[in-house]
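For reference, the structure is listed below as structure tokens.
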């Protein structure tokens with residue numbers, strides 16, 4: 001058997017992944033016994049050989065690290081045999097793959113499926129399965145429905161804390177408070193709408209109705225911009241988002257060159273009375289969310305801070321307030337001077353510090369040369385997930401950029417994870433990351449990432465043909481089903497199942513164009529096309545397809561505020577429009593509520609395996625399933641073309657049998673959606689379905705979490721034969 005993979009029969013029946021259906025327990029400690037399952041066609045294999053090692057690539061069986069185990073044919077279920085093996089989890093990360101033999105034929109099966117051309121001498125496939133000893137993600141985060149909130153634009157629940165026009169100077173201009181229904185401008189960071197935590201608290205019922213289980217808040221710490229990615233004080237929540245009990249002082253007058261006379265701002269953001277009250281309000285907000293069954297994730301921006309930060313204090317905010325150590329901008333004798341890299345010794349007012357991407361308002365933090373800085377940020381990481389605040393995790397901004405070397409970056413995040421998890425083992429750690437995240441997802445750093453590569457980008461290309469900023473169109477990717485599956489298969493292989501299940505899947509967010517705008521398939525930005533063009537030519541049918549894929553693909557489906565009303569907008573800053581509470585799209589809200597309810601009632605959508613069923617020009621069909629015929633199984637069909645598509649779906653691959661009945665659970669089209677349950681027969685393991693133009697359909701068979709199908713009606717035979 002030392003040759004190259006040969007074309008085996010019945011390879012379509014082969015299946016395995018890292019879900020609980022094919023590996024138990026889901027997480028384990030070194031020395032624990034784990035059980036692995038592998039599926040073949042009934043009598044489709046003579047031998048299934050489990051190959052395991054503690055290295056991802058092994059050249060030959062002479063390497064003593066490799067263990068070979070003949071699996072036992074344990075269960076027959078309909079068309080399939082399920083093979084089983086037990087082994088002890090080693091101290092190191094376990095890699096494993098399968099060799100399937102039938103007669104003189106053999107193939108290797110790994111994380112991306114059968115791997116043609118992979119030499120059988122190589123005891124691991126190119127994409128082996130893996131299991132990380134001791135790696136656990138919070139149970140609540142696995143498949144949780146999340147909701148991202150850019151706080152200033154969500155809801156103004158307390159106008160008394162609003163930024164006042166002329167309160168201070170930012171980027172050379174006096175800041176402005178603007179009307180709620182005004183649109184963002186190109187230079188928008190100094191324009192404030194007044195959204196706050198009280199506004200979020202008032203809408204917790206709205207979020208609960210949407211099925212939201214966790215809120216992700218864009219930065220909430222003291223900061224001068226509306227986006228707050230230029231932190232001024234990590235140790236306190238910005239009083240502009242909470243309460244300001246001590247609200248005195250003058251505003252900056254027209255013509256003032258700097259913030260020396262910004263008395264109101266200095267008092268609001270640096271007075272200990274205001275800061276203490278603000279932190280207390282946040283603690284109560286988290287308690288209120290928890291009482292509603294909603295977790296709270298906060299944003300940590302630790303690669304850089306802001307030039308207003310008290311460690312730098314370029315604006316002399318804290319020097320004027322008093323009671324704070326002097327900032328690094330003013331003197332080399334500052335206790336914070338090593339927190340930054342200065343290229344000259346020209347104090348006072350030394351502006352030669354390193355800025356992230358050269359931006360002077362974003363000083364990059366110099367961890368390698370400042371042990372006290374490391375200790376401070378570790379304390380911050382621990383503080384906010386601990387009582388009395390009790391946040392449920394961190395989203396980490398530009399996390400891979402932190403530090404000045406990749407080696408140090410990994411060292412830092414290992415320490416950060418240790419401190420956070422010691423304080424709150426149930427806290428999740430999610431990072432903003434583009435590209436391969438695998439070196440951070442080894443169980444000792446991040447739990448997972450904002451899932452650009454294995455959700456947002458491939459979904460956007462397939463449904464709209466648009467890049468996620470609306471900066472580029474690629475017609476060859478629009479509706480390209482085989483390429484969608486190929487990309488997903490490759491990019492998902494970089495995640496462990498633990499990381500995949502809590503990956504933050506989004507259609508859009510604060511850094512990218514709104515998905516509804518991308519449905520117009522138009523390249524553009526606010527500065528070139530104007531705000532009105534973001535709403536022109538949009539397609540509600542494509543948007544509904546996006547929501548269906550969001551709720552049915554593996555991971556944690558995450559709304560960006562306003563997705564539930566199909567809010568439009570070009571990329572940043574236009575994607576940060578205020579939520580139009582007086583002009584809501586109630587029909588779209590109802591649809592999103594139905595989609596979330598569908599996800600709750602069909603357990604395969606949260607924890608089940610994903611399997612490719614069919615793909616072509618303009619359509620994809622995929623399934624979610626447990627192991628065996630007794631499990632819940634769901635089929636999702638997406639048609640991007642403007643013509644009806646007739647698709648023959650091989651539901652036999654999901655162990656769906658002819659005596660079972662497939663029930664349509666949801667249908668969306670360009671004009672509407674329907675959640676009435678219809679029943680359709682299965683014939684010879686196939687399901688013939690006519691997909692309307694620009695539609696999505698969800699079919700299910702097997703056990704539901706709650707509810708019944710007693711009111712199901714026979715389906716139109718033209719839909720399934």
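The values are calculated or read from the model by the stated rules, or taken from the named source; none is laboratory data. Computed from a predicted structure; not experimentally measured. As a convention, Cβ positions derive from the backbone with ideal geometry for all residues, glycine included, and neighbour counts pool all protein chains shown.
Suppose we filter the stretch 378-389 for residues that are in contact with a strand residue (DSSP E or B) (Cβ under 8 Å, 6 or more places away or on another chain) and surrounded by fewer than 22 Cβ atoms within 10 Å (Cβ to Cβ); how many remain?
Residues that pass the stated criteria total 2.
All conditions but one from (1) part of a helix (DSSP H, G or I); (2) under 32 Å from the mean Cα position of the chain (by Cα); (3) buried (at least 20 other Cβ atoms within 10 Å of the Cβ) apply to residue 297; the one that does not is (1).
Within the stretch 473-484, the set of residues being assigned to a helix (DSSP H, G or I) and surrounded by 20 or more Cβ atoms within 10 Å (Cβ to Cβ) comprises 481, 484.
Does the stretch 336-350 hold any residues that are surrounded by 13 or more Cβ atoms within 10 Å (Cβ to Cβ) and under 20 Å from residue 304 (Cα atoms), and which are they?
To start, the set of residues in the stretch 336-350 that are surrounded by 13 or more Cβ atoms within 10 Å (Cβ to Cβ) comprises 336-342, 347, 350.
Answer for the stretch 336-350, where residues must be surrounded by 13 or more Cβ atoms within 10 Å (Cβ to Cβ) and under 20 Å from residue 304 (Cα atoms): 336, 337, 338, 339, 340, 341, 342, 350.
Against the test of being buried (at least 20 other Cβ atoms within 10 Å of the Cβ), within 30 Å of residue 75 (Cβ to Cβ), free of Cβ contacts under 8 Å to residues at least 40 places away in the same chain and within 25 Å of the chain's Cα centre (by Cα), the options 608, 623 yield a single qualifying residue, 623. Condition check for residue 632 on (1) closer than 26 Å to residue 690 by Cβ; (2) at pLDDT 95 or above; (3) assigned by TED's automatic domain parsing to the domain that holds residue 701; (4) crowded, with 20+ Cβ neighbours inside 10 Å: one failure, at (2). Of the residues 539, 505, 529, the single one that is at pLDDT 95 or above and closer than 30 Å to residue 132 by Cβ is 505.
When residue 178 is tested against (1) touching a residue at least 40 places away in the same chain (Cβ under 8 Å); (2) within 30 Å of residue 209 (Cβ to Cβ); (3) touching a strand residue (DSSP E or B) at 6+ places or on another chain (Cβ under 8 Å), only condition (1) is not met.
Within the stretch 138-168, track down each residue that is outside any loop (DSSP other than H, G, I, E, B), out of contact with any strand residue (DSSP E or B) (no Cβ under 9 Å at 6 or more places or on another chain) and closer than 18 Å to residue 179 by Cβ.
Narrowing the stretch 138-168 to residues outside any loop (DSSP other than H, G, I, E, B): 139-141, 146-149, 151-153, 159-161.
Cutting the leftovers down to out of contact with any strand residue (DSSP E or B) (no Cβ under 9 Å at 6 or more places or on another chain) gives us 139, 153, 159-161.
Within the stretch 138-168, 153, 159, 160, 161 meet the criteria.
The number of residues in the stretch 74-121 that are over 27 Å from residue 443 (Cα atoms), under 36 Å from the mean Cα position of the chain (by Cα), surrounded by fewer than 17 Cβ atoms within 10 Å (Cβ to Cβ) and modelled with pLDDT of 95 or more comes to 0. The residues of the stretch 445-472 that are farther than 28 Å from residue 516 by Cα and free of Cβ contacts under 8 Å to residues at least 60 places away in the same chain, listed by number, are 445, 446. Condition test on residue 81, is it within 25 Å of residue 489 (Cβ to Cβ) and either part of a strand (DSSP E or B) or out of contact with any helix residue (DSSP H, G or I) (no Cβ under 7 Å at 6 or more places or on another chain) (or both)? Yes; evaluated as a whole, the condition is true for this residue.
Checked against (1) surrounded by fewer than 18 Cβ atoms within 10 Å (Cβ to Cβ); (2) at pLDDT below 95; (3) more than 30 Å from residue 137 (Cβ to Cβ), residue 11 meets all criteria but (1). Taking residue 124 as the residue in question, decide whether it is at pLDDT 95 or above and surrounded by 20 or more Cβ atoms within 10 Å (Cβ to Cβ). Criteria not met by residue 124.
For the stretch 414-434, the set of residues classified as without any contact (Cβ under 8 Å) to a residue 24 or more places away in the chain and farther than 16 Å from residue 135 by Cβ consists of 434 only.
Taken over the stretch 284-293, the criterion of being in a helix (DSSP H, G or I) and out of contact with any strand residue (DSSP E or B) (no Cβ under 9 Å at 6 or more places or on another chain) is satisfied by 284, 287, 288, 291.
Restricting to the stretch 652-699, count the residues that are without any contact (Cβ under 8 Å) to a residue 24 or more places away in the chain and part of a loop (DSSP other than H, G, I, E, B). Even if it seems obvious, please write down each step before you answer.
Start the filter on the stretch 652-699 by keeping residues that are without any contact (Cβ under 8 Å) to a residue 24 or more places away in the chain, which leaves 659, 672, 674.
Cutting the leftovers down to part of a loop (DSSP other than H, G, I, E, B) gives us 659, 672.
Final tally of qualifying residues: 2.
What about residue 255, is it modelled with pLDDT under 95, on the phi > 0 side of the Ramachandran plot and in a loop (DSSP other than H, G, I, E, B)? It is true that residue 255 is modelled with pLDDT under 95, on the phi > 0 side of the Ramachandran plot and in a loop (DSSP other than H, G, I, E, B).
The listed residues are 460, 513, 470, 439, and the only one of them that is over 17 Å from residue 548 (Cα atoms), assigned to a helix (DSSP H, G or I), modelled with pLDDT of 95 or more and in contact with a helix residue (DSSP H, G or I) (Cβ under 9 Å, 6 or more places away or on another chain) turns out to be 439.
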